[in-house]
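Data first, discussion second: the structure below is written as structure tokens.
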Amino acid sequence: ILRAAVTDYSPGSLQCADGRVVPFDECLWCTYANPQAWLRGTGLDLDDRGFIAVNSTLRSVNVSNVFAAGDVAAVLRYPRPKSGVFAVRQGPPLLDNL
């Protein structure tokens, strides 16, 4: 199913927003990253999509004792897609910066 909003699932079937019920034997569920709504209430600067805005050292751009890495972070100087490979690569520099 391409570009279909799934509203519910049960073993063996997906319920789509358009009313379709799609049966399956095996399901491979692929989604993209979305920021959590609670981030808007933190006082942290966020990028235009709602992810925590950080500099190249993974430090919040407005709260100096907050660091963020992985999908929750948006490195403003080096925009990247939300992908596990970038999150994994941020681990060692984050450790050094802490």
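The values are calculated or read from the model by the stated rules, or taken from the named source; none is laboratory data. Keep in mind that this is a model prediction, so the values were computed, not measured. A quick note on method: Cβ atoms are made from the backbone with ideal geometry, for glycine too, and the neighbour counts reach across all protein chains shown. Note: areas computed on protein heavy atoms with side chains; ligands, DNA, RNA excluded. Shrake-Rupley method; radii C 1.70, N 1.55, O 1.52, S 1.80 Å.
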I'd like to check one number: the per residue accessible area of the chain, probe 1.4 Å, reported in Å² as a whole number.
74 Å²
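Work out the length of the dipole vector of the chain about its Cα centre, built from +1 on the beta-carbon of each Lys and Arg and -1 on the beta-carbon of each Asp and Glu, and round it to the nearest 20 debye.
320 debye
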Using a 1.4 Å probe on the protein heavy atoms, what percent of the accessible area of the chain belongs to carbon and sulfur?
53 percent
Consider the candidate values [x] 14, 36, 22, 20, 9, 0; [y] 10, 16, 17, 21, 11, 10, 8, 5, 1; [z] 15, 45, 31, 8, 0; state which one is P(r) over Cα pairs in 10 Å bins from 0, in percent computed from the structure displayed.
[x]
What are the residues whose amide H is under 5 Å from the amide H of Tyr9, where those residues sit 5 or more places off or on another chain and H is modelled from the backbone?
Gln15
Could you tell me the relative contact order of region 18-74? Use alpha-carbon pairs under 8 Å, at least six residues apart, and round to a whole percent.
25 percent
Just to be sure I understand: of the beta bridges DSSP finds with both ends in the chain, what percent are antiparallel, rounded to 5?
75 percent
For the chain the mean separation of alpha carbon contacts under 8 Å (6+ apart) over residue count, i.e. relative contact order in percent, is 16 percent
Multiplying the sequence separation of Val61 and Trp29 by 0.36 nm and subtracting their Cα-Cα distance, what value in nm do you get?
8.2 nm
Restricting the calculation to Cα positions, tell me the Rg (one decimal) and the Dmax (whole number) of region 1-53 in Å.
15.9, 45
